[in-house]
Amino acid sequence: NSPYRGGYQWHVGPQPAVPAGSSLKNGDKLLLSYYSTQVMCYGDQVPICMSEPKSDELINQVIVSVAKNIQPDYWFLEHDEIRMAGWSKADEGKTCGQILGDNIGKCYAMIRKAEPATKGVFVWSDMFDAFHNAGQKDAFYAVCKGKNPWDKSWLGLPKEMGVINWNAGKPESVKFFEAEGHPQIVSGCDAATVVGILKTSAGKKGVIGAAYVTWGNDFSNNVERYA
């Protein structure tokens, strides 16, 4: 595992050879057509193709297993900071935003089928936020196909699906999802910031809670201090 379960597993690449009876001989120059994977910024993450039917099959296996063995009250999907999409054969004819919109809709339907009584399904906000990563046009998404790759991704987000809004420090993001009709849990990695966000988003329709998210395993600066 590299460095943990779920990390990309490096393996020896294929070793092409000239098959018996071929008109090719060693030293001939060849024109090759192939796909190559792209390792993301953390060094062990490789994106899947969201349009590939096999991906749907594998995702559904996980969802069915979670529903059977854990039976969660709520589901939280991770579709965030997606840095590559749009290049596979199965993606042809769709923008990255449409690809993501299709995928999140399928994932939501799989969850509802596997566990109809679930109380709610949430996802990180950034890839569906026109004021966050869904509006990115710079080099951060240079390996996504298209100049504004994730535009309109939010059109595929089911209205009943909630977002964990980690761009909630910007009032326009809170207003955006309010207008789109999605329940929101505002979040931040600093407790004082979360409290400030709650104050600025007070009265906004659909803001149903807050989440203090620490990426450093430090819970000493907890929300209770600001109650």
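The values are calculated or read from the model by the stated rules, or taken from the named source; none is laboratory data. All values derive from a computational prediction rather than experimental measurement. In this analysis, Cβ positions are derived from the backbone assuming ideal geometry, glycine residues included, and neighbour counts consider all displayed protein chains. SASA here: full protein model, heavy atoms, side chains in, ligands and nucleic acids out. Shrake-Rupley method; radii C 1.70, N 1.55, O 1.52, S 1.80 Å.
Can you tell me, using C-alpha contacts under 8 Å and at least 6 residues apart, the relative contact order of segment 1-105 as a whole percent?
23 percent
Which ³J(HN,Hα) values, rounded to whole Hz and listed in residue order, are derived for segment 94-111 from phi using the Karplus coefficients 6.51, -1.76 and 1.60 in 6.51 cos²θ - 1.76 cosθ + 1.60 with θ = phi - 60°, glycine and proline given as x?
10, 6, 4, x, 5, 4, 5, x, 5, 5, 5, x, 5, 4, 4, 5, 4, 5
Return an integer: the convex hull volume of the alpha-carbon atoms of the chain, in Å³ per residue.
182 Å³
Give, in nm to one decimal, the length gained when the segment between Val12 and Cys41 is fully stretched (0.36 nm per residue of separation minus the Cα-Cα distance).
Going from the current span to full extension adds 8.3 nm.
Return the equivalent ellipsoid semi-axes of segment 136-227 as a descending list in whole Å, where each equals the square root of 5 times an eigenvalue of the C-alpha gyration tensor.
26, 18, 11
Find me the longest stretch of the chain that has none of the exposed GluC sites (Glu not before Pro), where exposed means in a DSSP loop (not H, G, I, E or B) with at most 13 other Cβ atoms within 10 Å.
1-77
Could you report the chain's accessible area per residue, 1.4 Å probe, as an integer in Å²?
62 Å²
In degrees from 0 to 90, rounded to the nearest 10, what is the angle of the helix 191-200 Cα long axis to the longest principal axis of the chain?
70 degrees
Probe radius 1.4 Å, ligands and nucleic acids ignored: give me the carbon and sulfur share of the accessible area of segment 91-184 as a rounded percent.
56 percent
Compare Ser201, Ser88, Ser36 in a GNM of the chain, Cα atoms joined below 10 Å, and give the one with the largest fluctuation.
Ser36
Scattering from the C-alpha atoms of segment 143-186 alone, worked out with Debye: what is log10 I(q)/I(0) at q = 0.13, 0.30, 0.31, 0.33 1/Å?
Taken in order of the listed q values, log10 I(q)/I(0) reads -0.33, -1.07, -1.10, -1.16.
Using the alpha carbons of segment 84-213, what is the convex hull volume per residue in cubic angstrom, as a whole number?
Convex hull of Cα atoms, per residue: 111 Å³.
Quick check on segment 101-161: take the gyration tensor over C-alpha atoms, sort the square-rooted eigenvalues as a ≥ b ≥ c, and tell me if it's rounded (a/c under 1.5), prolate or oblate.
prolate
Just to make sure I understand: if all protein chains stay in place, what is the order of Lys94, Lys29, Lys119, Lys54 by accessible area at 1.4 Å, largest first?
Lys29, Lys119, Lys54, Lys94
Helix 171-180 versus the longest principal axis of the chain: what angle, 0 to 90°, nearest 10, using Cα atoms?
That works out to roughly 80 degrees.
Set the Förster distance to 41 Å, then compute FRET efficiency between Asn69 and Ala142 from the Cβ-Cβ distance, nearest 0.05.
Plugging the Cβ-Cβ distance into 1/(1 + (r/R0)^6) gives 0.55.
Heavy atoms only, probe 1.4 angstrom, no DNA, RNA or ligands counted: give me Leu155, Leu100 ranked by accessible area, highest first.
The ranking, largest first, comes out as Leu155, Leu100.
Over 19 Å between Cα atoms: which of Lys94/Lys145; Lys89/Lys152; Lys159/Lys205; Lys175/Lys199; Lys54/Lys159; Lys68/Lys113 fall into that group?
Lys89/Lys152; Lys54/Lys159
Relative to the longest principal axis of the C-alpha atoms of the chain, give the angle of the C-alpha long axis of helix 53-69, reported between 0 and 90° and rounded to the nearest 10°.
Rounded to the nearest ten degrees, it is 40.
At 1.567 mPa s and 4 °C, plugging the Kirkwood radius over alpha-carbon pairs of segment 3-86 into Stokes-Einstein gives what diffusion coefficient in µm²/s?
After rounding, the answer is 75 µm²/s.
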